[in-house]
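Some notes on the structure that comes next.
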There are 2 protein chains.
Amino acid sequence: MGALDEGHFNEELENGVCLGDCVELGSEGEPEYPAIEDAVRVLLQGLGEDINREGIRKTPHRVAKALREGTRGYREKAKDIVHGALFPEVGGTGELVIVRDLDLFSYCESCLLPFQVKCHVGYVPSGKRILGLSKFSRVADVFAKRLQDPQRLANELCKALQHSMKPAGVAVILQCSHIGYPNIESAIPDSNHQGWIKLLVSSGSGVFEDEKADIWADFLSLLKFRGVTDRPLNGIVEQQSWCPSHSLTKTPTNSAMTEAVSSILQSLGEDPSRKELVGTPARFVTWLMNFRISSLEMKLSGIIQNQRDCLNLNGDVKLSERHLSLELNVPFWSQCEHHLLPFHGVVHIGYYSAEGVIPVGRSLLQTIIHFYGFKLQVQERLTKQIAETVSTILGEDVMVVVEANHSCMISRGIEKFGSNTATTAALGRFSTDPSVRAKFLQSIPDFLQSAP
Amino acid sequence: MGALDEGHFNEELENGVCLGDCVELGSEGEPEYPAIEDAVRVLLQGLGEDINREGIRKTPHRVAKALREGTRGYREKAKDIVHGALFPEVGGTGELVIVRDLDLFSYCESCLLPFQVKCHVGYVPSGKRILGLSKFSRVADVFAKRLQDPQRLANELCKALQHSMKPAGVAVILQCSHIGYPNIESAIPDSNHQGWIKLLVSSGSGVFEDEKADIWADFLSLLKFRGVTDRPLNGIVEQQSWCPSHSLTKTPTNSAMTEAVSSILQSLGEDPSRKELVGTPARFVTWLMNFRISSLEMKLSGIIQNQRDCLNLNGDVKLSERHLSLELNVPFWSQCEHHLLPFHGVVHIGYYSAEGVIPVGRSLLQTIIHFYGFKLQVQERLTKQIAETVSTILGEDVMVVVEANHSCMISRGIEKFGSNTATTAALGRFSTDPSVRAKFLQSIPDFLQSAP
């Protein structure tokens, strides 16, 4: 009997417990948002993809579902959440209450990529009413789950809490992290680039309206050790510097793609002619076109052939005379083909090189990694492709580990902010000798979550 | 025009954007699970509460909703999630893939309290099929969102992935944290008690079935720096030591309450006669009865009077001759009256005492904190009550800060694992002099999240 046999599976794994209202999860069949799905198909075709390829066949459905879910704030109201969760406190409190470290994500209205938010809310109750603590998170989500700009998000959240609760005052501090853009032109990113652009914004109302009020000092005292070191000032942030899409120089020539993005904005309930959104479709398409199939193909094959000639691999060097070379923490970027969302992180490469042979340069490895990164990908395939290509240059004893943060793990229903993924590919001695593999794996440093 | 006026509010805060399918959120009106709500009313009455009191009037509804949501795994199937997210990889990969640091929570089947889980999954694909990364989180939730025991959770997740994906092997490591129980008898908890009981469990199938297989070493290498230091062994954990409810000695005498808990188990789709659940209603009621109204009342008033007499407060000492005394990180426990879920953390107390007067003992402050903690509470009220009581003993210049983790912030829909809450109450000089307040606030150390 097959393990997936209905009866067997249910009995063994589900304890036979399944109430009448069993829900179907993960069903990715019927189109729910046909206009968005059509638009995503246009984008995939613009990237040179075969929209019937197995891995991306259901991508339009997944993208549409994720976008609708990620912008559900348009269909929610703060006051519906606050209403019914305001509790009277006999005698009142009138004292500062702080809800700290709420993890949220939002969509950047400039480029449509998700950004992460660590949200801190402070308020001083009045009228002897306090708000249930979980509601701060729910109200924050009403405004985060839209196309946003950090300062507007802070202002809207602050204003909504002030209007719906009518406290003595509300303060909001957001620590926002936007994915940085790689410099695809040079194919070698700034090695100091941590992959995130950070921005701190704040907003205050009522007793927090004056940013010099003592209550701000109290609030900030209770946020110390969170990187909120200095008192932030409302509204003086240079907004142009936040989203890296504003520094893009290329403009897309594929008007079908930009129109498709416009239609997506409309389907989400936005007005594509809103001034902040006017350039968004072009910026999103420019970003996306980084991942056009084969954009780096020609470049790489020349480099590899050249490098192989120079290295003059000597197969006669005995294994025992070779030693483990490491190239750790090489940054990479890619685009998840299942969700059209970026994933990025670091690649670690271990290989055996002969004594006296100069190890291959980091820049060549970076070029190979970029070649396989800048396309629609899955991390498992990326890892294998890097290992195989490196082995054509450096010989058969190669192991690759890729560690990544996936936007699709945070900016969708599951919202697993801290999670990350490691994939491996071991060739030659690495696949056969556990001690060789262990030596490499143990040399890999801790993978740092650099998001907030 | 009032700020909550419908039109004004929508126009200003919602950008006028609200599609036809606006959803009602946070509505807490109509009963959805009447059997559970009735049972919760029995529990509240058993705690000596007035079920019509404003703060807890809707608690039965909230508890029922949270319990249904927190056990939705009974109504989900792993294979529905995996089905449709298995992607063919041309050439296959056959290499270890790891999804790390998935934050989950589950309900302890021994005591019905939620416990937190940091989940790591590794698998080796076969048959040229890989699973979409987010599905590991979704499948884990199918089994986490039930009444569970850590080892069974690991086994069920491992088995479900093995059966539905048919990979070469699956490994699961769970780092579980259960809230510890305070020792209410002594009213002074162990000062080393971090408030969490931790347990590491693992499960393996296929190539991971043999825990000595080299693939386990690879998996663990890529989990280093996560506190998974040594290779865990399957199934040798002393299960009795995990849930602190097993060491409870008192047994509840209120059979209406235990019967109510049994009926809740049944409403959730569980079998109350399952051997692991037989003692659960009694254990849960025993835990809950810690928070019976006024259980410590008599004890406290005697202690306070006694202490006041001893301290012989001298109102004539000039303010300038008094100095700031601190009592930091005093542990506390309480039970959220909105959700019948524990919140716990630390209390910081600052007060001015006269030179030469011996500061009040930490144990008295701990007793006062326990007195206000061990009942159905909200953190804001708890903070104010501690401050007011302390000031009757130590004079008017008192400030209290309470920092807490709320189970209700993780074990419900919002699942904000890292979030925590700070509340303040400032009396006398602390309320009027910002510099005095600042001096106290700046002396408060970082609040450590000790959960995984």
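The values are calculated or read from the model by the stated rules, or taken from the named source; none is laboratory data. Note that this is a predicted model, so its numbers are computed, not measured. FYI the Cβ positions are ideal-geometry reconstructions off the backbone, even for glycines, and counts take in every protein chain you see. The accessibility values were calculated without ligands, DNA or RNA, using every heavy atom of the protein model including side chains. Shrake-Rupley method; radii C 1.70, N 1.55, O 1.52, S 1.80 Å.
Against the list (1) open to solvent by 20 Å² or more (accessible area, probe 1.4 Å); (2) within 30 Å of residue B:68 (Cα to Cα), the condition residue B:388 fails is (2).
For the range A:228-246, a residue qualifies if it is at pLDDT 65 or above and surrounded by fewer than 16 Cβ atoms within 10 Å (Cβ to Cβ), and the qualifying residues are A:241, A:246.
If only one of B:86, B:67, B:47 is open to solvent by less than 20 Å² (accessible area, probe 1.4 Å) and either within 30 Å of residue A:422 (Cα to Cα) or at pLDDT 90 or above (or both), which one is it?
Working: B:86 fails: open to solvent by less than 20 Å² (accessible area, probe 1.4 Å); B:67 fails: open to solvent by less than 20 Å² (accessible area, probe 1.4 Å).
Answer to the check: B:47.
This table checks each residue for (1) at pLDDT 90 or above; (2) under 27 Å from residue B:248 (Cα atoms).
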position: B:290; (1), (2): no, yes
position: B:308; (1), (2): no, no
position: B:330; (1), (2): yes, yes
position: B:347; (1), (2): yes, yes
position: B:390; (1), (2): yes, no
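Is it true that some residue in the range A:332-341 is within 11 Å of chain B (Cβ to nearest Cβ) and at pLDDT 95 or above? Break it down into steps so the answer makes sense when it comes.
We begin by selecting, within the range A:332-341, every residue within 11 Å of chain B (Cβ to nearest Cβ); these are A:336-339, A:341.
Checking which are at pLDDT 95 or above leaves us with none.
No; the residues of the range A:332-341 include none that is within 11 Å of chain B (Cβ to nearest Cβ) and at pLDDT 95 or above.
Of the helices (runs of 4 or more DSSP H) entirely within the range B:69-178, those holding at least 2 residues that are more than 7 Å from chain A (Cβ to nearest Cβ) occupy B:134-144, B:150-165. Put simply, of A:252, A:272 the only residue that is touching a helix residue (DSSP H, G or I) at 6+ places or on another chain (Cβ under 7 Å) and either at pLDDT 90 or above or assigned to a helix (DSSP H, G or I) (or both) is A:272.
Okay, residues lined up against (1) under 16 Å from residue A:350 (Cβ atoms); (2) modelled with pLDDT under 80; (3) open to solvent by 20 Å² or more (accessible area, probe 1.4 Å); (4) out of contact with any helix residue (DSSP H, G or I) (no Cβ under 7 Å at 6 or more places or on another chain):
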{"site": "A:409", "(1), (2), (3), (4)": "no, yes, no, no"}
{"site": "A:413", "(1), (2), (3), (4)": "no, yes, yes, no"}
{"site": "A:417", "(1), (2), (3), (4)": "no, yes, yes, no"}
{"site": "A:420", "(1), (2), (3), (4)": "no, no, no, yes"}
{"site": "A:425", "(1), (2), (3), (4)": "yes, no, no, no"}
{"site": "A:432", "(1), (2), (3), (4)": "yes, no, yes, yes"}
{"site": "A:437", "(1), (2), (3), (4)": "yes, no, yes, no"}
{"site": "A:443", "(1), (2), (3), (4)": "yes, no, yes, yes"}
{"site": "A:451", "(1), (2), (3), (4)": "no, yes, no, yes"}
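Determine whether residue A:162 is modelled with pLDDT of 90 or more and not aromatic (Phe, Trp, Tyr). When the stated conditions are applied, residue A:162 passes them. When residue B:430 is tested against (1) touching a residue at least 60 places away in the same chain (Cβ under 8 Å); (2) within 9 Å of another protein chain (Cβ to nearest Cβ), only condition (2) is not met.
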